[in-house]
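Okay, structure first, notes after.
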Amino acid sequence: MAEYLAPALEGADIVDTVEANGLELAYEQFGSDADPALLLIMGLGTQLLGWPDAFCRALAEAGLRVIRFDNRDIGLSTKLRTAKGYDTAHQAFFKSVMNRPISTAYSLDDMATDTLGLMDALDIDRAHLVGASMGGMIAQLVAGEYPERVASLTSIMSSTSARNLPRGKLKILLRLAKAPKSRDPDVIAAHMAKTMRMISSPHMGRTQADWQAELRRMVERSYYPAGTARQTLAVLAARSREDLLGGVHCPVLVIHGKADPLLPVKHGRATAAALPECRYEEIPGMGHDLPLRLLPRFVGWISALAHRAENARVDAPGAATMANEAETSPDEALEVVPAPKESARPQPTKPGPGRTEPWLDEPSADDALAGDRAGRGSARVEPSLEEPAQEAPERLPPDQARSSDGTVGNNKRIGPLGKLFEKRRSGR
């Protein structure tokens, strides 16, 4: 799996802290201030480094001002050390099972206000929000409560927090509650790596050694399990956002892995079903992580969504729909998909003759931006980023869900992230 690791691109264009919502938030920025802002919101207990450097740089290369930051109580942002009177993680879990109120140090709504405070501090009126796991929940809250501040929304491996959704596997939940045996950085990194191996993509995720090397870097930067515990309470106490999502009308992309053991795939389907309209991508073999071999595809989807939303910004009803219906070629189309019924199991469309799993081969970010940004040609595929053959998932009629078509075989293309890998290997 070493060949799928992102190149060691350390640091960002700007590393700084700002005052937001009475806290100090650490952030890093990639790209130009003149480009549309895209805010990356990370999940439970994970620092901003959870968004790979190469992924951030690729989005910046696609013409976006990319900002990743540490949520409160994690990384280099303010720690709520003086918070008192809240439940333990174990108490909160059992209260959530019994549907009883949970005492928290703060809520996801507070963390959504942190996000708005960061935008205010950076003079950003509207931003494209991309959230992973808990970060997706926070992004949903911002999009629902402050629609004028959100240009587009991408929710990755997240949930509506509805009480009728299935819980993660018991062995996963027990593992998350287990602490490392010592405070030695290597022991902590090994412990966290084992956890990530349990929840990540089983056949295209990183190895134990890969995870350990990546997490060792995070541990050296910051390790604060008390903050993770308080964030856990906020997630467990969160109210359902189904009704709130029903009022979200900006362009939306929902991505979920079919092999997610922490937030099972029904969470992604429920998120798509709660939205008036969205593009829903359900990926076979993807667990609760950001598999590096999928990042070129994510860059293409996210940058296409953002730029079409920017092109469609008009002060008239239906602007969000127009953003998704922008005129493009079939290979570049970012379709608006009616939200699936809760009982439906949305799947990609059946491949045509001579094609295999077209949803695994999406247009590159360069193709998605054709006509928007001149001078960006397509890049040749990196052999290390080729998709392995996968067993075709169960299929449903095309009217239940649709997926973008793409190019396969020798014609497969990748975007800016692929370019970074090419440059890294060629020494340019």
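Numbers below:
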| quantity | calculated |
| --- | --- |
| Selection count, the stretch 35-75, where residues are in a strand (DSSP E or B), among the charged types (D, E, K, R) and under 16 Å from the mean Cα position of the chain (by Cα) | 1 |
| Residues of the stretch 206-236 that turn out to be closer than 16 Å to G43 by Cβ and either surrounded by fewer than 17 Cβ atoms within 10 Å (Cβ to Cβ) or of a type outside the set (S, T, N, Q) (or both), as a count | 15 |
| Hits in the stretch 269-295 - residues which are assigned to a helix (DSSP H, G or I), within 13 Å of the chain's Cα centre (by Cα) and either modelled with pLDDT of 95 or more or not aliphatic (A, V, I, L, M) (or both) | L294, L295 |
| All positions within the stretch 184-217 that are of a type in the set (A, V, I, L, M) and assigned to a helix (DSSP H, G or I) | V187, I188, A189, A190, M192, A193, M196, M198, I199, A209, A213, L215 |
| Residue tally, condition over 27 Å from I102 (Cα atoms) and part of a helix (DSSP H, G or I), over the stretch 236-257 | 0 |
| Qualifying position, being of a type in the set (S, T, N, Q), more than 15 Å from A132 (Cβ to Cβ) and modelled with pLDDT under 95, among S77, S103 | S103 |
| Which numbered condition Y86 fails, given (1) crowded, with 22+ Cβ neighbours inside 10 Å; (2) of a type in the set (F, W, Y); (3) part of a loop (DSSP other than H, G, I, E, B) | (1) |
| Residue tally, condition surrounded by fewer than 24 Cβ atoms within 10 Å (Cβ to Cβ), in contact (Cβ under 8 Å) with a residue 12 or more places away in the chain and farther than 23 Å from H249 by Cβ, over the stretch 121-134 | 2 |
| Condition check for P296: surrounded by fewer than 24 Cβ atoms within 10 Å (Cβ to Cβ) and of a type outside the set (V, I, T) | no |
| Residue among L165, L129 that alone is assigned to a strand (DSSP E or B) and either over 17 Å from G246 (Cα atoms) or of a type in the set (D, E, K, R) (or both) | L129 |
| Residue match in the stretch 162-185 (condition: modelled with pLDDT of 95 or more and crowded, with 20+ Cβ neighbours inside 10 Å) | no |
| Sole exception among (1) surrounded by 18 or more Cβ atoms within 10 Å (Cβ to Cβ); (2) within 26 Å of M218 (Cα to Cα) for A92, by number | (2) |
| Residues located in the stretch 92-113, provided they are closer than 27 Å to L23 by Cα and either free of Cβ contacts under 8 Å to residues at least 12 places away in the same chain or assigned to a loop (DSSP other than H, G, I, E, B) (or both) | P101, I102, S103, T104, A105, Y106, S107 |
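A quick yes/no check of all residues on (1) farther than 27 Å from Y86 by Cβ; (2) among the hydrophobic types (A, V, I, L, M, F, W, C); (3) touching a residue at least 60 places away in the same chain (Cβ under 8 Å); (4) not in a loop (DSSP other than H, G, I, E, B):
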position: L173; (1), (2), (3), (4): no, yes, yes, yes
position: V219; (1), (2), (3), (4): no, yes, no, yes
position: A234; (1), (2), (3), (4): no, yes, yes, yes
position: A259; (1), (2), (3), (4): yes, yes, no, no
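So that you can scan it fast, the table gives a plain yes or no per residue for (1) β-branched (V, I, T); (2) over 17 Å from K171 (Cβ atoms); (3) within 21 Å of the chain's Cα centre (by Cα):
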| site | (1), (2), (3) |
| --- | --- |
| D184 | no, yes, no |
| I188 | yes, yes, no |
| M192 | no, no, yes |
| R197 | no, no, yes |
| P225 | no, yes, no |
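The values are calculated or read from the model by the stated rules, or taken from the named source; none is laboratory data. Computed from a prediction, not measured in an experiment: that's the story for all the values here. Here the Cβ is made from the backbone with ideal geometry for all residues, glycine too, and neighbour counts use every protein chain on show.
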